[in-house]
1. By per-residue mean of other Cβ atoms within 10 Å, what is the highest-first order of 248-260, 180-192?
2. When the solvent-accessible surface of protein heavy atoms is calculated with a 1.4 angstrom probe, in what order do M361, M410 fall, highest first?
3. Identify all lysines with a Cα-Cα distance to K306 below 21 Å; exclude those on the same chain that are fewer than 8 residues away in sequence.
4. Here are some pairs, K141/K169; K69/K360; K12/K300; K69/K141; K16/K78; which of them have Cα atoms lying more than 25 Å apart in this structure?
5. Want the number for H164 to K78: 0.36 nm per residue separation, take away the alpha-carbon distance, what's left?
6. Ignoring ligands and nucleic acids, what accessible area does W65 show with a 1.4 Å probe (Å², nearest 10)?
7. Quote the accessible area belonging to S235 in square angstrom, nearest 10, computed with a 1.4 Å probe and with ligands, DNA and RNA left uncounted.
8. Hey, what's segment 297-380 come to in accessible area per residue, 1.4 Å probe, Å²?
Amino acid sequence: MGILHEDVVIIKQTEKQDEATVITINCPDKTGLGCDLCRIILFFGLSIVRGDVSTDGKWCYIVFWVVGKPSTQWSLLKKRLLEACPSCSSANTLIYYPAELQPPKAPEVFLLKFCGHDRQGLLHDVTRVLCELELIIQRVKVSTTPDGMVMDLFFITDARELLHTKTRKDDTYYHLKAIVGDSMVSCDIENVCADITACSQGPPFLIPPAITEDTFNLEMLDQCRNGSGPSNQVSVMIDNSLSPVHTLVQIVCRDHKGLLYDIMRTLKDYNIQISYGRFTTKGKMNCEIDLFTVQADGKKIIDPSKQNALCSRIRMELFRPLRVALVNRGPDPELLVANPVELCGKGRPLVFYDITLALKMLNTDIFSAEISRNMIGGREWEVYRVLLDEGNGSSVPRSTIEEAVWRNLMGWE
């Protein structure tokens, strides 16, 4: 018995604005598939409000109920989800890719050099165009000159794998010109070495304790901070009594943007496989997740130390999936945002987009910005540094900036 290729992913769009669109995925299973699918859905700006997952270890059936913007390109989303699904010919065995044995193929990296006249919100407008074109920002170097010019360097990869063609480059130029207008002076795209986006193995570049200490201090889970800190109670419990072959992981927490992605990426990094799972939202903010899981060897999670480590990591990742801090850098404030990178090397989608959008909404100018990857505490982190310009006499309190960026990243409007 087979399945048609177009039936692997089925998207049933809702006719009513207040109802969710249903995405059904029916394909061979592989370790980390749920994480990959959730990352794609998050990249398209959609929120998962309900989910059901079931698998026999060879074939999986997944249903997501999603809500989002009316401008969603559903046909393109279906194409990206199809690309993430294993071939139906692989259904005779569970696909398992140990990270140390099969490193992901490095995508082709391009340098987009944007030069223009500075104005408020310009960086976000450029970022929005790149995201809409599926040009993934790997690194950024943004600087402003005293005469009001900006030079933005975007190291990007192309999800469509067409940026080496003149047609794709021209299309990018015209889309930027249409949004930015006369603010754009020039825009050039060239191929560069992929190593330029590799993680720095050296010490963190003056990353302050506001980021590094919060990142690894599990005691903070019992101390909800004021300001940008989330008032978020996370409950994670493990139960081995309800199933003879599965370990039940029960999670109750406040909803946030990318919640299911954060759970799935954590389980993927721990090589935990989900046999059956259900995700539901209670009211507008609270979520309940029940996951029947096994280890990579197909056995239950019995070892108490493994149980504690998994519970602690899930609590941390859901309590604070990103780290946000506003620190002093000379006379001006610098915004720092950090998020963990998956073991496969992929980072959280749309972080830079959300940061620049929040600052644009606050009418806060950006003097310079930079994205890089660093090893902190034995894990790879993506670190965003945004130097704010208070030269125009901005009256926005720093605590308001930090709070607004945090809430935008978490989807708490």
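The values are calculated or read from the model by the stated rules, or taken from the named source; none is laboratory data. Keep in mind that what you see is a predicted model, and the values were worked out from it rather than measured. Cβ: placed from backbone, ideal geometry, glycine included. Neighbour counts: every protein chain shown. What goes into the accessible areas is simple: the full protein's heavy atoms, side chains included, and nothing from ligands, DNA or RNA. Shrake-Rupley method; radii C 1.70, N 1.55, O 1.52, S 1.80 Å.
1. Values: 248-260: 20.8, 180-192: 14.2.
Descending packing order for the listed peptides: 248-260, 180-192.
2. Numbers: M361 135, M410 0 Å².
Most to least solvent-accessible, the answer reads M361, M410.
3. List returned: K268.
4. Table pairs above 25 Å Cα-Cα are K12/K300; K69/K141.
5. On the way: separation 86, 0.36 × 86 = 30.96 nm, distance 2.39 nm.
Result: 28.6 nm gained on full extension.
6. 50
7. Approximately 50 Å² of S235 is accessible to the 1.4 Å probe.
8. Details: 3150 Å² over 84 residues.
Computed with neighbouring chains in place, this is 38 Å² per residue.
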